[in-house]
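The values are calculated or read from the model by the stated rules, or taken from the named source; none is laboratory data. Source: prediction; values computed, not measured. Glycine gets a Cβ as well: all are built from the backbone with ideal geometry, and neighbour counts include every protein chain shown.
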Amino acid sequence: MIRYIYLIWVVSFFLFGCGSSGNKQNQKSAGETAELTEEQKPSGFKDLVPSTFKIDTYENNRILETAMGFFVTEDLAVTRFSLFETANRAVITPFDETQSYEVSGFLAVDRINDLILLQVAGLKKRPVTLAQTTLPDNEKTIFFDKPQGNTVPLHEGKVLSYSQALGSKLYRVTNQLRSKSVGSPLFSSAMECIGLGFIQIADYETQTFVTPSVFISDLVKKAGNVQALSELQKQATEQESVSNSKVKGLIIETERGNIRIKLYNSTPQYRDNFIKLARENYFDDLLIHRVISDFGIQSGAADTRYATADDVVGWKGPGYTLPAHIVPGLYHKRGVIGSPRKPERENMRKRSDGSQFYIVTGRTYTDQELNDLEKEIDHKFTDEQRNTYKTIGGAPHLDGTYTIFGEVTEGLEIADQIAKVEVDSEFRPKKDIRVKKIRILE
């Protein structure tokens, strides 16, 4: 499992991690999906055929992947977000039709659970009923293929576990999906949809997992305006970037208090990326998963939302990295915000993780310590930097090798308090501390 390793003067330490919200998630209901009338409720799996579709994704006219998805309201459908890594259009073919329909766009994404909410203008279908309870181990699970005549091929299996896996909370089931069946709805024997099925290699074998219906319901609650699929891949437009440059600040709401930050316009790609993820609610409920006294605190790891106490955390990002952007004159004084990365032996170009960030609380240094560091990291400190590190403090050992993209403007004392909590051998707080959300001050 990949870990992100960072050198502190004298000692090496891990700066990436994750957190546990599994128990919290179990308590959530299925959410705001439409309540079906008695007439709408399926009497058999044949009634659910119109709810399911094949989806083909394209980059312009080049087909990329074929998978499945299903309707969760009359006009909103869900499938895997990862199908759209480079896709700018998609076409769906409902199981009860031969006609195909162009996807109008998306309304919400969940990068952590790999879900995307889609709409096809003018097309409405019977939605599946999303389960409101968790199936126990050994309970029957069912998915179906496209009908052959009047026959709906059913494939039965059972729940092996409902637990932390692949950085999220998932069912692991015995049903054998094929690659083109990824995105299938899986059902209980009561014909309630327990979630979206996919296959992935875990523990050196291909296994079938199910993203639970509660996460799909949460995504429906966050549905916004329809956006073109091409918006998923592109960098911020010039207009969006200009708008982001005028943002007054952001509030990191933690369970210990609020920290107000500003993002630097000198690192626009990092600024735009952070604001994009905040708008997507990506940071909600993530742990502050690394805390190092005399250095700082770290959050933003995708695998921390549902992690339990014994999970190895900090290895999962949003699915991409960012190119290093080390701005001359920016240095790791107390209060700055930087971007962690893999060590150079695996990451020669020093690319940063796409979502994780650290806030430097730091400590003060003597002239002799700074002299020694200059030799160790082959970096010359200016007179201003030396004075800052001797009087205010910071983390000078990271200068010149990690991207800095913002700073704390209010609430640094909250980060100081968090930096003093008791941690385990991996620098993860023994008592979970969460980022509740990140608000944008327009």
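Structure above, values below:
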{"quantity": "Some residue of the range 366-378 being surrounded by 19 or more Cβ atoms within 10 Å (Cβ to Cβ) and either in contact with a Cys (Cβ under 6 Å, 6 or more places away or on another chain) or not polar (S, T, N, Q) (or both)", "calculated": "no"}
{"quantity": "Tally, over the range 414-442, of residues that are assigned to a loop (DSSP other than H, G, I, E, B), of a type outside the set (D, E, K, R), more than 19 Å from the chain's Cα centre (by Cα) and within 11 Å of HIS289 (Cα to Cα)", "calculated": "1"}
{"quantity": "Single unsatisfied condition, PHE143 versus (1) touching a helix residue (DSSP H, G or I) at 6+ places or on another chain (Cβ under 8 Å); (2) outside any strand (DSSP E or B)", "calculated": "(2)"}
{"quantity": "The range 236-273 - residue that is within 20 Å of the chain's Cα centre (by Cα) and β-branched (Val, Ile, Thr) and, of those, surrounded by the fewest Cβ atoms within 10 Å (Cβ to Cβ)", "calculated": "ILE251"}
{"quantity": "Meets criteria (free of Cβ contacts under 8 Å to residues at least 60 places away in the same chain, of a type in the set (D, E, K, R) and closer than 29 Å to GLU426 by Cα) for ASP310", "calculated": "yes"}
{"quantity": "Failed item in (1) loosely packed, with under 14 Cβ neighbours inside 10 Å; (2) within 25 Å of LYS316 (Cα to Cα), with ASP432 passing the rest", "calculated": "(1)"}
{"quantity": "Criterion: outside the structural domain of GLU65 (by TED's automatic domain parsing) and under 30 Å from PRO323 (Cβ atoms) - qualifying residue of GLY257, GLY249, GLY167, GLY224", "calculated": "GLY249"}
{"quantity": "Yes/no for GLU74 being at pLDDT 95 or above, more than 17 Å from GLU231 (Cβ to Cβ) and out of contact with any Gly (no Cβ under 6 Å at 6 or more places or on another chain)", "calculated": "yes"}
{"quantity": "Whichever residue in the range 200-218 is of a type in the set (Asp, Glu) and surrounded by fewer than 19 Cβ atoms within 10 Å (Cβ to Cβ) and, among such residues, is modelled with the highest pLDDT", "calculated": "GLU205"}
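For every residue, the table says whether it meets (1) among the aliphatic types (A, V, I, L, M); (2) free of Cβ contacts under 8 Å to residues at least 60 places away in the same chain.
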{"residue": "CYS193", "(1), (2)": "no, no"}
{"residue": "ILE199", "(1), (2)": "yes, yes"}
{"residue": "VAL220", "(1), (2)": "yes, no"}
{"residue": "LEU229", "(1), (2)": "yes, no"}
